[in-house]
1. Would you check if there is a residue in the stretch 163-184 being closer than 22 Å to A12 by Cα and outside any helix (DSSP H, G or I)?
2. Restricting to the stretch 26-44, name every residue that is surrounded by fewer than 16 Cβ atoms within 10 Å (Cβ to Cβ) and part of a loop (DSSP other than H, G, I, E, B).
3. Quick check: anything in the stretch 148-170 touching a helix residue (DSSP H, G or I) at 6+ places or on another chain (Cβ under 8 Å), buried (at least 18 other Cβ atoms within 10 Å of the Cβ), among the acidic types (D, E) and in contact (Cβ under 8 Å) with a residue 24 or more places away in the chain?
4. Quick check on R5: is it more than 26 Å from the chain's Cα centre (by Cα) and modelled with pLDDT of 95 or more?
5. Scanning for something within 22 Å of S184 (Cβ to Cβ), assigned to a strand (DSSP E or B) and touching a Gly at 6+ places or on another chain (Cβ under 7 Å), does the stretch 115-126 turn up at least one residue?
6. For the stretch 362-381, state whether one or more residues are acidic (D, E), surrounded by 18 or more Cβ atoms within 10 Å (Cβ to Cβ) and touching a strand residue (DSSP E or B) at 6+ places or on another chain (Cβ under 9 Å).
7. Select from the stretch 245-281 the residues that are in a loop (DSSP other than H, G, I, E, B), surrounded by fewer than 18 Cβ atoms within 10 Å (Cβ to Cβ) and touching a residue at least 12 places away in the same chain (Cβ under 8 Å) and list them in ascending order.
8. Restricting to the stretch 1-47, what's the tally of residues that are closer than 21 Å to M71 by Cβ and out of contact with any helix residue (DSSP H, G or I) (no Cβ under 8 Å at 6 or more places or on another chain)?
Amino acid sequence: MAQARKNAITVAVAISPGLTVEYSDASDVQAIMVRFKQLHSIGVREFGLFLDDIPARLQSEKDGAKFNSIMQAHSFYCNAVWAELKKLDSENSLAICPLQYHGKATEEYITEFGKALDPELSLIWTGREICSEYLDVFDAKVFKANTNHTPLYWDNYPVNDVAMLHELHVGPIEGREKGLEDHSLGYFANPMDRFELSLISLSTIGDYLWDTHGYNPQNSWEYSLTLLADNHGDRAAIRNLFRACFESCLRVNPAPDFSAMLEAASFSWKTGKPAQAAQLIEAHASQMLRDVATIKSPQFSKPHWREESMKWLTKYEAVGIALLEIARIVGSCGVSKNSNLSGSKADLDQITSIRASLNSDPTRLFGNGLDMTLAELGDEIRWSLKA
């Protein structure tokens, strides 16, 4: 606790009441308070009570007899715990994560629950979705109007659990509106379990929170890399890898540099210049493999980044090798009279094999652009074989 205070960090601890709680039972309030009192004795003053991911219906007969709805039971229980916390210490605070913690804030649960909740309690909200593409002032105002509480935002970024396990969330925070701080109680960021890599996105979140009006996602992201990786060559290599890993709930371009290269290469072969397309693809692939060599080197200055991103680095290397073969195929293609590429059955089979191999690894890099481009390339060669 002393170290936290020294570094301007407030330690907050949240507890879930569990699956067997009886909301009407005073002893279950005291059971939570036993732990809260222990935490209070070591200096904790910020507490949380998390009702998320528990049954959405009343479990006990006593609760069923006392309450008309799960919302009524939850608000009764939270208010009872809060009354005990206030008696313990007037400096205590309590944040509640509701059973329904995302949506439009027009749903029955959150509106009834919020209005019944003591106004001194903070109410956690993740936005429209569990992992929200955007957080804006309009939705914050709707939340306040319908729940009588200003939202306390829990932003599920850069976390990459559950359905997002194959994504590496190392891009900057985006889609959070300017001035949101005027319509929210605060903002929490939920990191990945890759703690070193989480610092990249968390650094950009810090910039956003410091100045929401002046925040520039790309400038902040570049600065975070400079801040966290001193070696210029190492930083350049890992930057290229990370810029292929922007796919997330934020729905930004998943691989800006790679997408630009694919677009240029596709334009070249569609305008009768397959050799030029091949050069673009080969140059990008060669740089990717140089990046891999740098990152895998024993001298690489960010070994924790390498370890935490190894799954994505492995696929990045596989894509680099595959692209060299794609460059060879495109460069060997002719151009038909209708400006389509013309190639051999062996070329088509090789493209099909590359697609299957890359798609067999669920690790997400480059978004869907590469697979779509390879499909299009295969179609052009297939059409030429039928002509």
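1. Yes, the stretch 163-184 contains at least one residue that is closer than 22 Å to A12 by Cα and outside any helix (DSSP H, G or I).
2. Within the stretch 26-44, I42, G43 meet the criteria.
3. yes
4. Details: more than 26 Å from the chain's Cα centre (by Cα): yes; modelled with pLDDT of 95 or more: no.
Taking the combined requirement at face value, the residue does not satisfy it.
5. Initially, the stretch 115-126 is screened for residues within 22 Å of S184 (Cβ to Cβ), giving 115-126.
When the remaining residues are screened for being assigned to a strand (DSSP E or B), the result is 122-125.
The next check asks that each one be touching a Gly at 6+ places or on another chain (Cβ under 7 Å); those that pass are 123.
Yes.
6. Initial filter on the stretch 362-381 (acidic (D, E)): 371, 376, 379-380.
Within this subset, residues satisfying the condition of being surrounded by 18 or more Cβ atoms within 10 Å (Cβ to Cβ) are 380.
Filter again for touching a strand residue (DSSP E or B) at 6+ places or on another chain (Cβ under 9 Å), leaving 380.
Among the residues of the stretch 362-381, at least one is acidic (D, E), surrounded by 18 or more Cβ atoms within 10 Å (Cβ to Cβ) and touching a strand residue (DSSP E or B) at 6+ places or on another chain (Cβ under 9 Å), which makes the answer yes.
7. Here is the first cut: in the stretch 245-281, the residues in a loop (DSSP other than H, G, I, E, B) are 245-255, 271-273.
After this cut, where a residue has to be surrounded by fewer than 18 Cβ atoms within 10 Å (Cβ to Cβ) as well, the list is 251-253, 271-273.
Once the filter is applied, which keeps residues that are in a loop (DSSP other than H, G, I, E, B), surrounded by fewer than 18 Cβ atoms within 10 Å (Cβ to Cβ) and touching a residue at least 12 places away in the same chain (Cβ under 8 Å), the stretch 245-281 yields R251, V252, N253, T271, G272.
8. Initially, the stretch 1-47 is screened for residues closer than 21 Å to M71 by Cβ, giving 14-26, 28-29, 32.
The next check asks that each one be out of contact with any helix residue (DSSP H, G or I) (no Cβ under 8 Å at 6 or more places or on another chain); those that pass are 14, 16, 18-20.
Total meeting the criteria: 5.
The values are calculated or read from the model by the stated rules, or taken from the named source; none is laboratory data. Please read these numbers as outputs of a predicted model, since none were measured by experiment. Note: ideal-geometry Cβ built from the backbone for every residue, glycine included; neighbour counts use all protein chains shown.
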